[in-house]
Amino acid sequence: MSERPDSAGPDPDDTFDEFAELVEEETRRDPDLAVIEAGSRTLRTQGGPPQADVPARPADPEVDNALREVEAELATRWGETKLEPSVDRISALMDVLGEPQRSYPSIHITGTNGKTSTARMIEALLGAFDLRTGRYTSPHVQSVTERISLDGAPVSAERFIETYRDVKPYVEMVDASQEYRLSFFEVLTGMAYAAFADAPVDVAVVEVGMGGTWDATNVIDAGVAVATPIDLDHTDRLGGSPAEIAGEKSGVIKPQATVVMAQQPVDAAQVLLKKAVELDATVAREGLEFGVLDRQVAVGGQLMTLRGLGGEYTEVFLPLHGAHQAHNAAVALAAVEAFFGVGAQRVQPLDIDTVRRAFASVASPGRMEVVRRSPTVVLDAAHNPAGARAAAATIGEAFQFSRLIGVVGASGDKNVRELLEAFEPVFAEVVVTQNSSHRAMDADQLAAIAVEVFGEERVQVEPRLPDALEAAITLAEEEGEFAGGGVLVTGSVITVGEARLLLGKG
């Protein structure tokens, strides 16, 4: 058994430097200092790679039918892109459910990219220290049940159905009293908080759906608020600049909480820091209080040295690819340290062996996930320009493809041009397609943009995803069996999830 840290929260009396000093440090520092590329270790921890926890459809026909009924009922509600910015409805639901979200401490995660991977890492660390965890993330890759996890695994279809049926009468009660019915995301959020209370969990790890201030998840009073990198996405809802978006996302910061902040654009950092000062919150910043000291590509992932709030953690293997995942790991470690009071009540770091074991167990489905060999097919759920830039950098670092074919299916509400521009240097050719979502951009419309970015000779159009995958694999195989051709499927979480099913995963 691993040693369980003594404390479960920050000291509310802790203070930090004045706002002006913090902004000056944030502006002065060189962002490249957060990662020091040095050393040549390529060790790998013992044991095979973790298995991605994406559930298949229930094998029992009765359970499968019951789950489909629940999914159909949820589908009658507003989808996740139709919003009435307010927490009134979710607050009313929490009230009639008896405030289940207040029965456990929580860690709240906002940001633009990296939220789900960071949540999974935080969950793994907490679980390694013998805490029972609940994790709520979105969107799902294949099954809606993925969104609610207990003890590191998605709830069973049976438990998901039972939870829905338990909360349904209360949902209908709130629907009748409000101007608008509860949305799909609001009902799922209520289900998650109720399931965590019923378990019960020791701590909940909660990812926002969008924004922060009016996000449905923001009825918790999290002692630790995490801000992953903020970039432009959902600009119609959150604002047209990193600073405006940070203003919405800063709503997850609660009085006297600890804010764990990934590297941010300076204007976004200023907004987050100002909010923290207003609420007497303590701030831990990547590159100053914590960060990545060393990162080396290793077989199946990377080997890291992280600086946490309590000291240095060496030879930490992470079975995920890319510099962005190392940064996510540093943020996750600092968040768990803050939860346990490291740097406040506790001077010593967390147990290094437990930390190593936790990170070595992390899986993040649909994030640089290899699902086929000969040729290699990789799935990555990059769906905005910042995510695409990270994916393009990672594919070159982690894989030695002599020729890479892209399969891109994107949503119509995204900045598709900049997403394609990020991939242009690494794709030899691109097959544009569309997924089954009503939000999907029409394949011909996407192709028109792709031709402007890649040139007509490098673009192929296959409106059906199965045909697009087959075409891309054929193009990759033209290099020959041993030539190193590969396929990257990207552009949307939905595209990745459907490709995963077509390729026999789940």
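The values are calculated or read from the model by the stated rules, or taken from the named source; none is laboratory data. Remember, predicted model here, so these are calculated numbers, not experimental data. Neighbour counts run over all protein chains shown; Cβ positions are idealised from the backbone, glycine included. Areas reflect the complete protein model, heavy atoms only, side chains present, ligands, DNA and RNA absent. Shrake-Rupley method; radii C 1.70, N 1.55, O 1.52, S 1.80 Å.
Carbon and sulfur atoms: what percent of the 1.4 Å accessible area of the stretch 256-302 do they account for?
For the stretch 256-302, the apolar C and S fraction of the accessible surface comes to 53 percent.
Return the sequence-ordered ³J(HN,Hα) values of the stretch 292-297 in whole Hz as given by the Karplus equation 6.51 cos²θ - 1.76 cosθ + 1.60 applied to θ = phi - 60°, using x for Gly and Pro.
My calculation for the stretch 292-297 gives 9, 8, 8, 8, 10, 5 Hz in order.
Apply the Karplus parameterisation 6.51 cos²θ - 1.76 cosθ + 1.60, with θ equal to phi minus 60°, to every residue of the stretch 186-203 and state each ³J(HN,Hα) to the nearest whole Hz, in sequence, with x for glycine and proline.
Once θ is set to phi - 60°, the couplings for the stretch 186-203 become 5, 5, 4, 5, x, 4, 4, 5, 5, 5, 5, 5, 5, 3, x, 9, 7, 7 Hz.
Given an 8 Å cut-off on Cα distances and at least 6 residues of separation, report the relative contact order of the stretch 184-275 as a percent.
In percent, rounded to a whole number, it is 28.
Pairs of lysines 8 or more apart, or on different chains, with alpha carbons under 24 Å: count those in the chain, would you?
Final tally of qualifying lysine pairs is 15.
Where Lys and Arg each count +1 and Asp and Glu each count -1, what net charge lies around P169 among other residues with Cβ under 15 Å from its Cβ? Intermediate results must be reported in sequence, preceding the final value.
Details: positive: R165, K168, R181; negative: E73, D95, E162, D166, E172, D175.
Residues near P169 contribute -3 overall.
Average projected area of the Cα convex hull of the stretch 142-214, in nm²?
Result: 5.7 nm².
Please compute the per residue accessible area over the chain with all protein chains in place, 1.4 Å probe, rounded to a whole number of Å². Don't jump to the answer; show the numbers that get you there.
Values: 19890 Å² over 506 residues.
Spelled out: the 1.4 Å probe surface of the chain, per residue, equals 39 Å².
Let me make sure I get this right: for the stretch 418-506, a, b and c are the square roots of the gyration tensor eigenvalues over alpha carbons, sorted descending. Under 1.5 in a/c it's rounded, otherwise prolate if a/b > b/c, else oblate. Which is it?
Oblate, since a/c reaches 1.5 and b/c is not below a/b.
Leaving ligands, DNA and RNA out of it, report the carbon-plus-sulfur percent of the accessible area of the stretch 362-438 at a 1.4 Å probe.
Percent of accessible area from carbon and sulfur atoms in the stretch 362-438: 45.
From the P(r) of the chain, can you give the percent of Cα pairs sitting at distances over 38 Å?
Values: 29886 of 127765 pairs.
Cα-Cα pairs in the chain separated by more than 38 Å: 23 percent.
Go ahead and estimate [θ] at 222 nm for the chain from helices alone: -39,500 (n - 2.57) per DSSP H run with n ≥ 4, summed, over the residue count, rounded to 500. Don't jump to the answer; show the numbers that get you there.
Working: 16 runs with 192 residues, N = 506.
Helices in the chain give a 222 nm mean residue ellipticity of -12000 deg cm²/dmol.
Computed on alpha carbon atoms, what radius of gyration and Dmax characterise the stretch 159-308, expressed in Å?
18.4, 56
Amide H of T133 versus every other amide H placed in the peptide plane: which residues, excluding those fewer than 5 positions away on the same chain, fall under 5 Å?
D151, G152, D202
Residue-wise, which Karplus ³J(HN,Hα) couplings in Hz belong to the stretch 415-429, taking 6.51 cos²θ - 1.76 cosθ + 1.60, θ = phi - 60°, and x for glycine or proline?
Going residue by residue, I get 7, 5, 4, 5, 4, 5, 4, 5, 8, 4, x, 10, 8, 5, 9 Hz, with x marking Gly and Pro.
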